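Student: Mind having a look at this structure? Questions to follow.
What follows is calculated from the coordinates using simple rules that are stated; it is not laboratory data. Keep in mind it's a predicted model, so treat the numbers as computed, not measured. Every residue, glycine among them, receives a Cβ derived from its backbone with ideal geometry; neighbour counts consider all protein chains shown.
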Amino acid sequence: GSLAALIGIVTLVIGATGAAAVLVGCSSGGTQPSDFCKSVDSLAAAVSQINQSYLSKATISAVETSLATVSAAVKNVSMTAESEFTDEVDAVKAAATGLDKTVAAAVDQPVPANMAAARTSMSELTTAVNDLSKSTSESC
């Protein structure tokens, strides 16, 4: 129904930006990337993946799996974070927490306000991860 259609539209838009985050990630030649660079790449991939998951009652287990993957990736980024990227990492952590809460609310009660909040949270997380990827692109 309209729930899948709304998330589907958002998924297409955000999926494109999530893919950009993967491409911008830490992939320069030469030296081996640090654990932090690898964790940023993993997080970008996880965000890209969650943006491909349609949110509906039928797909909740897939969405929850994607959320768990994002949460683990955020934790890994946080643990390996380099000090010059503290602001970007904090923004990612805040956005991931917000996404977890708003998706849970949208699944429990798929009303327009909850759907809008989940779309906003997905966009905020994607933006935060893109910002982190851009910030780390030279050092990674």
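Student: Distances over 13 Å make up what percent of all Cα-Cα pairs in the range 71-140?
Tutor: When all Cα pairs of the range 71-140 are counted, 64 percent exceed 13 Å.
Student: Also, I was wondering about something else. Quick check: net charge around residue 81, other residues with Cβ under 11 Å of its Cβ, Lys/Arg +1 and Asp/Glu -1?
Tutor: My count for the surroundings of residue 81 gives -4.
Student: Taking the mean number of other Cβ atoms within 10 Å as a proxy for protection, how do you rank 36-48, 124-136, 70-82 from highest to lowest?
Tutor: Final packing ranking: 36-48, 124-136, 70-82.
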